[in-house]
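Colleague: Dropping a structure here in structure tokens format, bear with me for questions.
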Amino acid sequence: MFKRLFAALLLLMPLLSQAQLNDPMRPAQAPPVSASESAASWRLDSIILSGDRRLAVINGQSVSEGDQLGQARVSRIEATRVTLRVGQQSRVLTLLPLRIKTPSIEAAP
């Protein structure tokens, strides 16, 4: 019986791998993202500013001002945001605000 179940699962694997998987971290009210939209989107991972050196990591790739990123050119890197130029349009990528959680101090009774 186990061998039959295993064989059936092996036969179904190609079908299961083609099924669209839902992102468990995506908010329920968020619209679905198509493959073409996700391929053209940029994610700002980090920004490094050191003296006159300005680097940003976008989609895991390190870039500096003037670098080409797909069809976009990195026009400006600031402390919390990066401006991309796509044709005649600008697109600003911002980092999420850093929030450090601290324990609340409660007075002892």
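Any read-out appearing in this document is the output of simple, stated calculations on the displayed coordinates, not a laboratory observation. From a predicted model like this one, the values you see are computed outputs, not experimental measurements. With ideal geometry, Cβ positions are generated from the backbone for all residues, glycine too; neighbour counts draw on all protein chains shown.
Colleague: Place the peptides 73-81, 43-51 in order of packing, highest mean first, counting for every residue the other Cβ atoms within 10 Å and averaging per peptide. Could the numbers behind the result be given before it?
Modeller: On the way: 73-81: 15.2, 43-51: 12.0.
Those peptides, ordered most packed to least, come out 73-81, 43-51.
Colleague: Still on this model: Which order do Val92, Val82, Val63 fall in if you start with the one that has the fewest other Cβ atoms within 10 Å?
Modeller: On the way: Val92 12, Val82 24, Val63 20.
By the 10 Å Cβ count, ascending: Val92, Val63, Val82.
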